[in-house]
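Everything on this sheet refers to the single structure shown next.
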Amino acid sequence: MRKEGKASEWAKWLLVLLLLATRAGAAQMAPTLLPLPATARYGQGRLPLKAALKPLLPATTDPITRAAVARTLARLSPAKAAGAATLQIRYGRVGRPELFDEERYSLRVTLMGVSIDAPTSLGVLRALATLEQLPRADKKGRYLPEVDVQDQPRFAWRGLSLDAARHFLPVAVIKRNLDAMAAVKLNVLHWHLTDDQGFRVESKVFPRLHTVGSINGLFYSQAEVREVLAYAAARGIRVVPEFDVPSHTTSWIVAYPRLASNDSTYAPYRLWRTTNVAIDPSRETTYTFLDSLFTEMTTLFPDPYFHVGGDENDGRNWRRTPRIVAWAKTQHLTRADSLTLDKHRVQTYFNRRVLALLQKRGKTMIGWDEILGPDLPKEAVIQSWRGKKGLNEAAHLGHPALLSNGYYLDLNFSAASAYSADPLPPDTPLTPAEQALVLGGEAAMWTEFADSVVVESRIWPRAGAVAERLWSTRAATQSVPDMYRRLGLLSAQLETLGLRHRRAPELLLKQLAGSSSVGPLRSLAEVLEPVKEYKRHFQGYAYTTDSRLNRLVDAAPAESEVARRFAALVDSVVLPPRPGTLGFLPPAPAQVAALRAEAIGWQANDILLQPLLATNPSLAEYAPLSTRLAAVAGVVLERLTQLQAGQAASVAWLAHARATLEAAQAPAGQAELAVVKAARKLAGL
Ligand code: ACM
């Protein structure tokens, strides 16, 4: 029963896609690559993948490149025996990602085989990632299309920031994310290792940090850190650790109370909201502590960059402590009145001290945009998260800068929204010299609402949109629908690499459905999204570090694919078609039929699902969403009937539709229906 439902669903979308492809007249050569390369010229030839390719590597090939080639060959073809076709690799020298060595490559597929040429081994790694996305399949089996790719990145720094402090992310999860990063040519793992709730890396110098300072006692041993670093290096990925100071440090103070600003003792912090707890900037012992810790950690993490956080400190801990205020006065770190502690000046003082400690170890300091201030030395790299302004201000003041604003995956915005954020848009106010300071950007995944089970589904495939924005030229990446088409291919590829972004939510749904069929619950989950931004903190459910993330909201996709396709169908019904472009959609009847089938499906689903929602206490909170989805479906069906009959909507009907759809927008269980916006559009509201 469920299988049939799925099959007809697929048939419906396949029909729409086929129509689209035929109209576009370019189905054969629609690119499969994400990120798109600088140039790719496809020919008519095909290189079958029935037999394995025969590797031709220079004898001097380094071990990382050798292992990468072996991985790619195994992924391209299960066949053990090589045929006549070859995979020829040539590169100039071993590339060092931490020195921003070149990642440029050329990749040619001919009937004779594949050849990769690159100035450095990093280019070879990127070329192999491209090669793994090239295979297509038809009746005769899998093959590589004939193609000539010339490629290089737009930005040198293309990161993913992972918060392993709020919810600990085991090494296996980090490795799977590194595999996915390599697939989309992301080259920096920014590892957020410490926060109020946990200090997640073993310190041999201050062992109470990871033993007392980590809720649940979960942390990475130094051996595990080295294992991750080696795994990343084997994929041409740098690892930049973040030790967030002076705020976000409750875990440090729990372990070592002498770091506290206000001379009180702290219990482990089990909530998620920002604490504004900060370590003491006035005592020399704070800096000797940091000096010893950073000596240990800068040795453990060899990357030349070292992230010191610096975010979200409103200074209340400092202003309320008389001895710190007195100290600030002696240091002239006060406001114009010479009496009130100036938080920005104190934090800049702190940053300068920390910067000196890092410079002594040959490290470049990075911090979130709060660390920016007129007295901050120019070497410090600024990571902009609170707005685009921070990036431009940083570059304007002469700092290297990274963009993360717009790339916060945990806010549950769409891939299209991330795709539209560009570190250097056409209207950038930066001069060419300032633009050169913009190193790139980072997608960011904070884990208040993502544990090690669901985190991959919160990152992938949407991080692919950020990866493409940072790798590809603007000219090559104008089409959002095409990005989504390729993001779908990427999602399937990541599944074959072992990522759990699809499997984990599915398992969660099965657990929730228990002995019932999972189909109806899945159909509801597929049109839900978690509430956006940080609203999950404020909707009547008090989350702590002990809250299990195993409710329906946790199985709902960050961006509903069903809702996106529904919205595209609505667009094709309500907008005049645009002939001769990729956006051209078939005439209304097929799409009206598809919309009608969807809406009827939602109504039927509500009837099937309500008994489960009513009897399973952990699902009861979602019953209103299923009811409202059926009501939305009613509005959709009525409107389609009007459209087909060429009738205008009556005032009374519009009032009814408006009330229904407004009610349907209300979240439940921190999830919301993702189809309401498109339904409003269809209804003409
Ligand atoms: C941040 O999101 N607090 C950097």
Item to check | helices (runs of 4 or more DSSP H) within the range 162-275 that include 3 or more residues hydrophobic (A, V, I, L, M, F, W, C) and within 16 Å of the ligand (Cβ to nearest atom) | outcome: none
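For the range 151-166, does any single residue satisfy the condition of being over 23 Å from Ala444 (Cα atoms) and either polar (S, T, N, Q) or crowded, with 23+ Cβ neighbours inside 10 Å (or both)? Can you show your working first?
Within the range 151-166, the subset over 23 Å from Ala444 (Cα atoms) is 151-152.
Remaining after also requiring either polar (S, T, N, Q) or crowded, with 23+ Cβ neighbours inside 10 Å (or both): 151-152.
So far as the range 151-166 goes, yes, one or more of its residues are over 23 Å from Ala444 (Cα atoms) and either polar (S, T, N, Q) or crowded, with 23+ Cβ neighbours inside 10 Å (or both).
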Checklist entry - Restricting the range 394-412 to residues that are open to solvent by 10 Å² or more (accessible area, probe 1.4 Å), free of Cβ contacts under 8 Å to residues at least 40 places away in the same chain and within 16 Å of the ligand (Cβ to nearest atom), which is farthest from the chain's Cα centre (by Cα)? => result Asn405
Checklist entry - Of all residues in the range 430-451 being within 27 Å of Leu411 (Cα to Cα) and not aliphatic (A, V, I, L, M), which is nearest to the ligand (Cβ to nearest atom)? => result Trp446
Checklist outcome for this item: Quick count over the range 334-372, residues being surrounded by fewer than 20 Cβ atoms within 10 Å (Cβ to Cβ), β-branched (Val, Ile, Thr) and over 31 Å from the mean Cα position of the chain (by Cα), is 2
Checklist entry - Within the range 297-314, can you find the residues that are surrounded by fewer than 20 Cβ atoms within 10 Å (Cβ to Cβ) and within 16 Å of the ligand (Cβ to nearest atom)? => result Asp311, Glu312, Asp314
Checklist entry - Quick one: what pairs do we get from the range 216-242, first residue more than 21 Å from Val94 (Cα to Cα), second open to solvent by 30 Å² or more (accessible area, probe 1.4 Å), C-beta under 6 Å, 6+ apart or different chains? => result Leu218/Phe168; Phe219/Glu202; Ser221/Glu202; Gln222/Glu202
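Residues are listed down the side, and each one gets a yes or a no for (1) open to solvent by less than 20 Å² (accessible area, probe 1.4 Å); (2) under 35 Å from the mean Cα position of the chain (by Cα); (3) touching a residue at least 12 places away in the same chain (Cβ under 8 Å):
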site	(1), (2), (3)
Ala51	no, no, yes
Pro55	no, yes, yes
Thr60	no, no, no
Ile64	no, yes, yes
Leu73	no, yes, yes
Leu76	yes, yes, yes
Ala84	no, no, yes
Leu87	yes, yes, yes
Checklist entry - Checking Pro119 against (1) crowded, with 24+ Cβ neighbours inside 10 Å; (2) free of Cβ contacts under 8 Å to residues at least 60 places away in the same chain; (3) part of a strand (DSSP E or B), which single condition isn't satisfied? => result (1)
Checklist entry - Among (1) within 30 Å of Leu552 (Cβ to Cβ); (2) within 16 Å of the ligand (Cβ to nearest atom); (3) of a type outside the set (S, T, N, Q), where does Pro505 come up short? => result (2)
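Just to be sure before I move on: is Gly514 surrounded by fewer than 15 Cβ atoms within 10 Å (Cβ to Cβ), within 21 Å of Val453 (Cβ to Cβ) and small (Gly, Ala, Ser) in the structure I sent?
Judged against the criteria, Gly514 is a match.
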Checklist entry - Residues that are touching a strand residue (DSSP E or B) at 6+ places or on another chain (Cβ under 6 Å) and modelled with pLDDT of 95 or more: which helices (runs of 4 or more DSSP H) entirely in the range 577-685 hold 2 or more of them? => result 623-644
Item to check | Pair list, Cβ under 6 Å, 6 or more apart: the range 468-491 residue closer than 17 Å to Ala156 by Cβ and open to solvent by 40 Å² or more (accessible area, probe 1.4 Å), other residue modelled with pLDDT under 95 and among the basic types (Lys, Arg) | outcome: none
Item to check | Unmet criterion (only one of (1) modelled with pLDDT of 95 or more; (2) open to solvent by 20 Å² or more (accessible area, probe 1.4 Å)) for Glu98 | outcome: (1)
Checklist entry - Among (1) in contact with a Lys or Arg (Cβ under 9 Å, 6 or more places away or on another chain); (2) away from the ligand (no atom under 16 Å from the Cβ); (3) among the hydrophobic types (A, V, I, L, M, F, W, C); (4) at pLDDT 95 or above, where does Leu339 come up short? => result (4)
Checklist entry - Hey, does the range 373-386 have a residue that's within 16 Å of the ligand (Cβ to nearest atom) and open to solvent by 10 Å² or more (accessible area, probe 1.4 Å)? => result yes
Checklist entry - In the range 276-289, what residues are in a loop (DSSP other than H, G, I, E, B) and away from the ligand (no atom under 16 Å from the Cβ)? => result Asp280, Pro281, Ser282, Arg283
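The values are calculated or read from the model by the stated rules, or taken from the named source; none is laboratory data. Remember, it's a predicted structure, so these values are computed and weren't measured experimentally. Every residue, glycine as well, gets a Cβ built from its backbone with ideal geometry; the counts of neighbours run over all protein chains shown. To get the accessible areas, we keep the full protein, side chains included, count just its heavy atoms, and leave off ligands, DNA and RNA. Shrake-Rupley method; radii C 1.70, N 1.55, O 1.52, S 1.80 Å.
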